[in-house]
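A.B. asks: Below is a structure I'd like to ask you about.
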């Protein structure tokens, strides 16, 4: 996968019979589940169609930062590592949707919950560079999930990753999450 | 046209031979022009395809507020009127793109230029309720324009509308605009 692109990059994630990642588990945290699938296939770019026989297909796009302040962005950029590290043989795809109440709030109200109250960025920083991450936005594309977040890490970082998602799920921000699936993957 | 939708609404604007709006003028403010067309056709929803014989076709979606603070949102909501007023027989469609430098900036840096320095929201408030407005986002859709802003007003409000766009174009924010077309329309 390419690193954060300057221009938005459309990414298609398919639960299918083929693909480089084996689906180890798919836990429905809340909302409607996805159909079971053995493997995850990932296509990048607008000219890459979904696999025709996929069990499910989710699309979303990288974009500009929506909440991150300049000081936070430079802290992240100085600590984070890119996708595709040879040792990062574990991954997670976490599709999430938020409620109409969340989306109806003004920018400063959402930012206050996101960071000043829930410390979303600060929590993420605690797990850099072990966990590499790329966020994709689906809401404006009419997709079923507002966000598809992709994480990569080494097998020994899995307990830390579990701790990170548990801390995030305990925040006030997460009371606005209406659907969440936690899909864990291994590259083999 | 429907008012601000809670869910994103995909809108397709076509320069064509048919459509409810006559194109009075199309001025290229900066960047590449659009092909000339006599009329503007507007389609709403993801199931509405572009006109097959359109001269050009631009798509973008309504979305959540990106910069507006709660106090500004309530000031706007208490003053603004909806689209489709019988007396609003003039309109403008202003497609705009911004530079990679703009999109690479953190949220607080963009907000500071947008409002604290350029007073984008405050300027817009000066022309409510005479000018009704709906903003559509195209960047994450891979469209040629980052924004398509649609404005409706009565013929007697045209000088005020001209003043508003002149004030916006004189702001520091506008130094990041790389392409802008000012399309004026009349309903007949």
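The values are calculated or read from the model by the stated rules, or taken from the named source; none is laboratory data. Keep in mind it's a predicted model, so treat the numbers as computed, not measured. As a convention, Cβ positions derive from the backbone with ideal geometry for all residues, glycine included, and neighbour counts pool all protein chains shown.
A.B. asks: Using beta carbons and a limit of 7 Å, which pairs, at least six apart or on different chains, have the first residue in segment A:65-92 and facing another protein chain (nearest Cβ under 8 Å) and the second one surrounded by fewer than 13 Cβ atoms within 10 Å (Cβ to Cβ) and at pLDDT 95 or above?
C.D. replies: Close Cβ pairs satisfying both conditions: none exist.
A.B. asks: Restricting attention to segment B:99-144, and to residues there that are out of contact with any helix residue (DSSP H, G or I) (no Cβ under 8 Å at 6 or more places or on another chain) and touching a residue at least 24 places away in the same chain (Cβ under 8 Å), which single residue is farthest from the other protein chains (Cβ to nearest Cβ)?
C.D. replies: Only one residue fits best here, namely B:132.
A.B. asks: A further question on this structure: Within segment B:21-33, identify whether any single residue is under 27 Å from residue A:97 (Cβ atoms) and surrounded by fewer than 14 Cβ atoms within 10 Å (Cβ to Cβ), and answer yes or no.
C.D. replies: no
A.B. asks: Identify the single condition in (1) farther than 26 Å from residue A:74 by Cβ; (2) touching a helix residue (DSSP H, G or I) at 6+ places or on another chain (Cβ under 8 Å) that residue A:159 does not satisfy, given that it satisfies every other one.
C.D. replies: (2)
A.B. asks: Could you list, in sequence order, the residues of segment B:27-56 that are farther than 26 Å from residue B:168 by Cβ and either more than 14 Å from chain A (Cβ to nearest Cβ) or out of contact with any strand residue (DSSP E or B) (no Cβ under 7 Å at 6 or more places or on another chain) (or both)?
C.D. replies: B:38, B:39, B:41, B:43, B:47, B:49, B:50, B:51, B:52, B:53, B:54, B:55
A.B. asks: Give segment A:166-188 a look and list any residue that's touching a strand residue (DSSP E or B) at 6+ places or on another chain (Cβ under 8 Å) and over 23 Å from residue A:85 (Cβ atoms), or say none.
C.D. replies: Filtering segment A:166-188 down to residues touching a strand residue (DSSP E or B) at 6+ places or on another chain (Cβ under 8 Å) leaves A:169, A:176-188.
Residues satisfying the conditions are A:169, A:176, A:177, A:178, A:179, A:180, A:181.
A.B. asks: Collect the residues in segment A:1-10 that are within 12 Å of chain B (Cβ to nearest Cβ) and at pLDDT below 95, keeping them in residue-number order.
C.D. replies: Within segment A:1-10, A:4, A:5, A:6, A:7 qualify.
A.B. asks: Say whether the condition of being within 14 Å of another protein chain (Cβ to nearest Cβ) and under 26 Å from residue A:165 (Cα atoms) is met by at least one residue in segment A:11-26.
C.D. replies: Looking for residues that are within 14 Å of another protein chain (Cβ to nearest Cβ) and under 26 Å from residue A:165 (Cα atoms), one finds at least one in segment A:11-26, hence yes.
A.B. asks: Another question, if that's okay. Is segment A:153-165 home to any residue that is within 12 Å of another protein chain (Cβ to nearest Cβ), out of contact with any strand residue (DSSP E or B) (no Cβ under 7 Å at 6 or more places or on another chain) and farther than 24 Å from residue A:42 by Cβ?
C.D. replies: Looking for residues that are within 12 Å of another protein chain (Cβ to nearest Cβ), out of contact with any strand residue (DSSP E or B) (no Cβ under 7 Å at 6 or more places or on another chain) and farther than 24 Å from residue A:42 by Cβ, one finds none in segment A:153-165, hence no.
A.B. asks: If I ask for residues that are in contact with a strand residue (DSSP E or B) (Cβ under 7 Å, 6 or more places away or on another chain), over 20 Å from residue B:127 (Cβ atoms) and surrounded by 15 or more Cβ atoms within 10 Å (Cβ to Cβ), which ones from segment B:63-109 would you list?
C.D. replies: B:63, B:97, B:98
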